[in-house]
Amino acid sequence: MSLDINSTNSQYENDTSKKSSVILFLSFSVLSACISKIIFAKILKNKIPLPFTVAVLIFGFLIGIIVTQLKNINNDFILGEIQLSEINPHLMYYIFLPLLIFDSSFNGHFHVIKQQLLSAILMAGPGVFISTVIIALCGIYIFPYNWSWLIGLMFGSILSATDPIAVVALLHDSGASRSLASLIDSESLLNDGSAFVIFLIFYDIVTGKDHNATNIIVQIIKFSIGGPAFGLICGIISVFVLNQINNELEVEITITFGLAYLIFYIADVEIGVSAVLALVAMGLYMSKYKYCISSNVQPVMASVWRITTYFINILIFTVTGIILAKSFIGTASSITSKDFGYSIILYIIIHIGRIVLIIVLYPLIKCTGVHLSWKECIILAWSGLRGSMALILVLIVSLDTKIDLITRNRFLFHVSMIVLLTLIINGTSSKFLVRILGLHHGTKESDIVLLQALEHMRRQTSWKLSRMKQDEKFSDVDWKMLNEYLPHKLLEELDEENNTTIHRQLSTNTDHDLPTSSNRNNNHTEYELQTIPTVYQTDSLPVTPIIRNKHHNDEDTLLPIVNIRNPNDEHDKNIRNELIIRFLTAMSHDYEKQWYLGMIRRQTLDILIKSIEQAKHKCSLQLHWKLIVENFQLTIFLRFLMKFNYFNFINQWTNQLLFNHIFQTIELMLSFHSMETRMDNIRLNFPELANINERIMNEVCKEVKMYQLNAMHILLDLQQSYRLCWILQMTRRCAQMLLKYESVAIIQLYETGMLEENEYSHILELIENKLFALEYGNVKLLQNQKRILENPFDFIPYFKSLSPIEKDKWKCQMKSKYQWFQPGAILLQKHQRVSNAYLIVRGIVQCKDDIMPIYYKCGSIVGIDALFTEQSLSHGVYTAHGGLVETYLIDKLLLNVFLSDEKLSRSIYNEIAFHMIMNNYRKSLNLTPPQLKMLLNEKAIFYKNQSDSSIHLETNQRLFLLSGAIKQYVNEGETILNSIHLNILDTPVMYKLNSSSIIYTWSTDDEVYCSNIKKFKINFSNENNQIISVEPFYPLYLGNSIEFTPRRHSSSMTRPIENPSHFQLIPSEIEASNRLKSPTEFVTF
């Protein structure tokens, strides 16, 4: 009995020793991989074009070959290698694959992947099928193995799974087309799933499972649709849960890892759908709403996932190399020298097949909006590397005894050979191919921008260097020795790496004969200011001067004049697109910074970033504005609720949803309004940008100015129309700022020792909880205050002077006339016969005619001129401009009621006269619409229904006949004038009125008085004749901030910012800026 126990214990210890030896080998592999990367980067200076993953694969392969040749050597290192070479492929599948797939989808750029998604689906759907068939044909008709179609198709499905990790990394590092790298990466993600689905179908058939046509179709649908559907549902739930968590670093990161494994297992084992496609769908959905991760956690999470995938890639390619070595040795009995030749033929056919599928699918890919050059198509064909997925699938086959042993060995050999050949040949040569094709740098226009960016760096460094040379504290510096660290050396290294000529274009003389220690005691040296020439000679001087020694050698001229201006229209278009993309990128950083500052919420940031990415794809500022405005539209669900206003609880729910919608509209406009500020900062801090093409730069700035003014006009209207929403938004912004200031104060107190660490962490946590509460706009209201919108009737200016009883009467009468319009909706078509006019209470209406657009706001009644005359047609196209527009419908009957009311009639007649003059006599009067409003309201004399009255008008007076007829007496002659008529007098005239006459008269002096009001450009107040300033009227985010680095030592607390130079938290300037002025040509009233 004792011997049995000892034997059992000894066997247990041996098994434990064997298993623990795996840790020894893996540790050695990981450390060796890291050392090799350091050697490649630091010692060899990346001169050997071997991707890191390929180097790890070769390392594992060589170790595997060596170990298999060693006999009767028993140590822990070799035991660890043997254990790994015999690893179960299902274990690799469940350990490594979930993390790699989730990382590629979750940490990818969703909006870039989305643009390539249809193309990737074509490559991963029909493309995989074409590739499978071509490889199957090779296995059936070229290989002398007498394989059946089922065996051939299973073999083809294994080799259809691509793994272009080396090529994608190379494209990202080289600055090549981002869309090409995204297409290859997206194809790989979906390719793994589709190839695995095809493999399972034929694998089940070969191993004897039920394979009738119905089951096959069900399986295809189940895998291809069920997997993504399940992943999408899980993604929605995950985003909702993560949105409820705030700055819990360990929790949020752990959740993402747990989700990757859990969803993969449930999809594959419990539900039986494609686990790969489920994880891809979930990862892409979470990537779309990546801001569900707290702002302070995001940088840390990105680092954790980057380290994790780096570690996994080392392990998986090491294990792959070992397995490849074992497969070559283990299949030696079944493999002959001819099989090596067949593998090379298969390698060639695989690439021919990939070229064929690209040619076949290219027209369809082009239809999806992805345009690839012939050079990019070559890279796409060369990127069909095979890796871990193909190896996992073939290992699954090799372990299945239901398949013939020789067939299994041949599968294992050929797949191992293809994996080895593609990774070594394609992976190694990709860098050369990218360079040969000229894809290792960006477009010509992006290179021009890069050139100016480097010029900016050189100028700034030169300016700093000149200041240091004047400073006595630096008198002991050896300036010649310092040359090694100046920008020109950096540019030389950059040129050497990328085979470019940047240094030649920005050539500088490195011979700086500047003061050294030998002249430390010299007399005072005279200096003069000399400006640094820019790359392109311009009339304007650069912003920053450099101080130069008067006695310094003239050889120090820093730059020659390089003229690369091209009058080509295509070149100008590309330059414009490049500038717009750079500016949109700067805006996206601004939006993210505002989120870090707490100025906007996650859902608002999602909308802004989504619109930015789509606008960058089309190189269009207009598209960015258009997509933002689209979010001002009411949702279908909210419009549905608004129709069912019969129940009180539904009304309350509708009011709350509408309130939240307006709240978000204000938030979007406030964020977008910083656009011009960002452009001004770019032009101020990067003056070289204008040297690229000043005309195009000015055009882009004007376009930015136009959209920024549109945003200001909408904000002004929102401020007046939705007071409670506006007040809550301003209160929330102010609260965010104060809480950020409190955070800084707490950190400063901690750093000065005034607070203990536990006190500091606790207080900071309380502040963060308040910030998180504000994330959802939960500003506490005063007692008896509700989150409901103001009654639109209260905004109508015509009823403000009425008594409460009269207001209630009109409110009841107007209630049924209420109508609202979505942004962009048309109220009246041009030349349309008008049966209803629209009294605007909220929003802005734009009228487009043949001269210039006119903008109407609260109190204006569009279409009232055509409705009043009954014979007129609509003057122009009236559309809801920017946001929602709320109106009251005015028909002919209601208009007559207005005109019959003595308290309202004058205001309504003024409105009719205004539209009549603007639409018919605008060129006759040198007045803007607001000035004309003032003229009619304050200066013009109004005559209504004064029978047999006479009026005498002198020279240079004006008479406007709105309604009825009058008699005109000039030089004892009588003329009858009928409405509508504007008479500009050059001689004295007498008019005789009748009971139907509606007349306005004024003088030239009145017009001059109104036209002299220069600031009368915008009027967004409720009173049409009130003048207001158009300067910023809210705490404005200007993109400037104070840097601080919060130090948190408690493990339960997270750092608010990983890199404070990227995201500064505290605005140093929230006062209204006086720089924003509205041009006179953009007028609203």
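The values are calculated or read from the model by the stated rules, or taken from the named source; none is laboratory data. Small disclaimer: the values here were computed from a predicted structure and weren't measured. Using ideal geometry, Cβ is built from the backbone for each residue, glycine included, and neighbour counts are taken over all protein chains shown. Heads up: the accessible areas ignore ligands, DNA and RNA and are worked out on the full protein's heavy atoms, side chains in. Shrake-Rupley method; radii C 1.70, N 1.55, O 1.52, S 1.80 Å.
In segment 81-136, what residues are surrounded by 19 or more Cβ atoms within 10 Å (Cβ to Cβ) and hydroxyl-bearing (S, T, Y)? S85, Y93, S104, S105, S119, S131, T132, listed by residue number.
If I filter segment 441-486 down to residues being modelled with pLDDT under 75 and either polar (S, T, N, Q) or over 17 Å from L689 (Cβ atoms) (or both), which single residue comes out as nearest to the chain's Cα centre (by Cα)? Residue satisfying both the conditions and the ranking: S446. For segment 957-983, the tally of residues that are within 23 Å of R922 (Cβ to Cβ) and surrounded by fewer than 13 Cβ atoms within 10 Å (Cβ to Cβ) stands at 1. State whether one or more residues within segment 372-379 are out of contact with any Lys or Arg (no Cβ under 9 Å at 6 or more places or on another chain) and of a type in the set (F, W, Y). Yes. Here is a check on your reading of the model: is R386 touching a Pro at 6+ places or on another chain (Cβ under 9 Å) and among the charged types (D, E, K, R)? Spelling it out, it is not the case that R386 is touching a Pro at 6+ places or on another chain (Cβ under 9 Å) and among the charged types (D, E, K, R). Taking the listed residues I349, I335, I344, I358, the one that is within 18 Å of L183 (Cα to Cα) and assigned by the TED database to the domain that holds L421 is I358, with no other qualifying. Cβ-Cβ contacts under 9 Å between residues 6 or more apart (or on different chains), taken from a first residue in segment 460-477 that is part of a helix (DSSP H, G or I) to a second residue that is among the charged types (D, E, K, R) and surrounded by 14 or more Cβ atoms within 10 Å (Cβ to Cβ), are listed as S466/R548. Criterion applied to L393, L372 was being open to solvent by less than 20 Å² (accessible area, probe 1.4 Å) and within 32 Å of the chain's Cα centre (by Cα), and the one residue passing it is L372. The sole residue among I225, I245, I184, I233 that is within 33 Å of the chain's Cα centre (by Cα) and within 30 Å of Y596 (Cβ to Cβ) is I245. Scanning segment 55-72 turns up no residue that is under 35 Å from the mean Cα position of the chain (by Cα) and either under 30 Å from L277 (Cα atoms) or open to solvent by 40 Å² or more (accessible area, probe 1.4 Å) (or both). Does S20 fit the bill of being at pLDDT below 75, in a helix (DSSP H, G or I), surrounded by fewer than 21 Cβ atoms within 10 Å (Cβ to Cβ) and not aliphatic (A, V, I, L, M)? Yes: the conditions hold for S20. Of I406, I352, I348, I378, all but one fail to be open to solvent by 10 Å² or more (accessible area, probe 1.4 Å), in a helix (DSSP H, G or I) and either over 18 Å from F155 (Cβ atoms) or polar (S, T, N, Q) (or both); the exception is I378. Scanning segment 628-673 for residues that are part of a helix (DSSP H, G or I), of a type in the set (S, T, N, Q), in contact (Cβ under 8 Å) with a residue 40 or more places away in the chain and open to solvent by 60 Å² or more (accessible area, probe 1.4 Å) turns up N655, Q656, N660. What about I316, is it open to solvent by less than 20 Å² (accessible area, probe 1.4 Å) and in the same structural domain as G231 (by the TED database)? Judged against the criteria, I316 is not a match. From the list L249, L242, L262, L190, the one residue that fits, being open to solvent by less than 60 Å² (accessible area, probe 1.4 Å) and free of Cβ contacts under 8 Å to residues at least 60 places away in the same chain, is L242. Residues in segment 883-899 that are within 24 Å of Y855 (Cα to Cα) and among the β-branched types (V, I, T): V885, T887, I890. Scoring Q736 on the criteria (1) assigned to a helix (DSSP H, G or I); (2) modelled with pLDDT of 85 or more leaves a single failure, condition (2). Taken as a whole, the condition of being polar (S, T, N, Q), modelled with pLDDT of 85 or more and in the same structural domain as G859 (by the TED database) applies to N896. When P853 is tested against the conditions (1) within 23 Å of L962 (Cβ to Cβ); (2) out of contact with any Leu (no Cβ under 7 Å at 6 or more places or on another chain), the lone failure is (1). The single condition among (1) in contact with a Ser or Thr (Cβ under 6 Å, 6 or more places away or on another chain); (2) of a type in the set (S, T, Y); (3) at pLDDT below 85 that S157 does not meet is (3). Are any residues in segment 803-845 surrounded by 22 or more Cβ atoms within 10 Å (Cβ to Cβ) and assigned to a strand (DSSP E or B), and if so, which ones? Once the filter is applied, which keeps residues that are surrounded by 22 or more Cβ atoms within 10 Å (Cβ to Cβ) and assigned to a strand (DSSP E or B), segment 803-845 yields L827, L828, A837, Y838, L839, I840, V841, R842, V845. Step by step: first the residues of segment 871-907, then only those that are of a type in the set (V, I, T) and surrounded by fewer than 20 Cβ atoms within 10 Å (Cβ to Cβ), then the one that is farthest from Q720 (Cα to Cα). Which residue is that? So, considering only residues that are of a type in the set (V, I, T) and surrounded by fewer than 20 Cβ atoms within 10 Å (Cβ to Cβ), the one farthest from Q720 (Cα to Cα) is V897.
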